[in-house]
1. Considering only residues that are part of a helix (DSSP H, G or I) and loosely packed, with under 15 Cβ neighbours inside 10 Å, which ones fall in the stretch 34-48?
2. If a residue has to be surrounded by 12 or more Cβ atoms within 10 Å (Cβ to Cβ) and either of a type in the set (A, V, I, L, M, F, W, C) or in a helix (DSSP H, G or I) (or both) to count, how many in the stretch 21-33 make the cut?
3. From the set of residues in the stretch 12-50 that are among the aliphatic types (A, V, I, L, M) and in contact with an Asp or Glu (Cβ under 8 Å, 6 or more places away or on another chain), which is nearest to ALA2 (Cα to Cα)?
4. Identify all residues within the stretch 1-20 that are closer than 13 Å to SER32 by Cβ and not in a helix (DSSP H, G or I); write none if there are none.
Amino acid sequence: MAVSSGVWAGAVPLQTAWDLREFLAKNGAPKSMEELDRIGYCGDHKASYKSNPLLGTTAAIPICGCLRA
């Protein structure tokens, strides 16, 4: 399971996903949350199928939206 899908499904805690670093990167690689901030990808929608269901919608929804805890 991909991390973003796991967060969406509730199988991976959001904080766990935010704390991940690139596997093959050298020491000092930024955490996922730092990279999401850097590219301006954090938004106003929770990353959860419960609060933002895909079924029956036609709107484009980011794969890994991240609302700060």
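Each reported figure results from applying straightforward, stated rules to the coordinates on display, with no laboratory input. The model shown is predicted, which means the values in this text are computed figures rather than measured ones. For neighbour counting, all protein chains shown are included, and Cβ atoms are generated from backbone atoms with ideal geometry for every residue, glycine included.
1. Within the stretch 34-48, the subset part of a helix (DSSP H, G or I) is 34-38.
Within the stretch 34-48, GLU34, ARG38 qualify.
2. Here the count works out to 3.
3. Filtering the stretch 12-50 down to residues among the aliphatic types (A, V, I, L, M) leaves 12, 14, 17, 20, 24-25, 29, 33, 36, 39, 47.
From what is left, the residues that are in contact with an Asp or Glu (Cβ under 8 Å, 6 or more places away or on another chain) are 29, 33.
On the way: ALA29: 20, MET33: 16 Å.
The extreme case among them is MET33.
4. In the first step, residues of the stretch 1-20 are kept if they are closer than 13 Å to SER32 by Cβ; the result is 2-4, 6-7, 12-20.
Passing the criteria: ALA2, VAL12, PRO13, LEU20.
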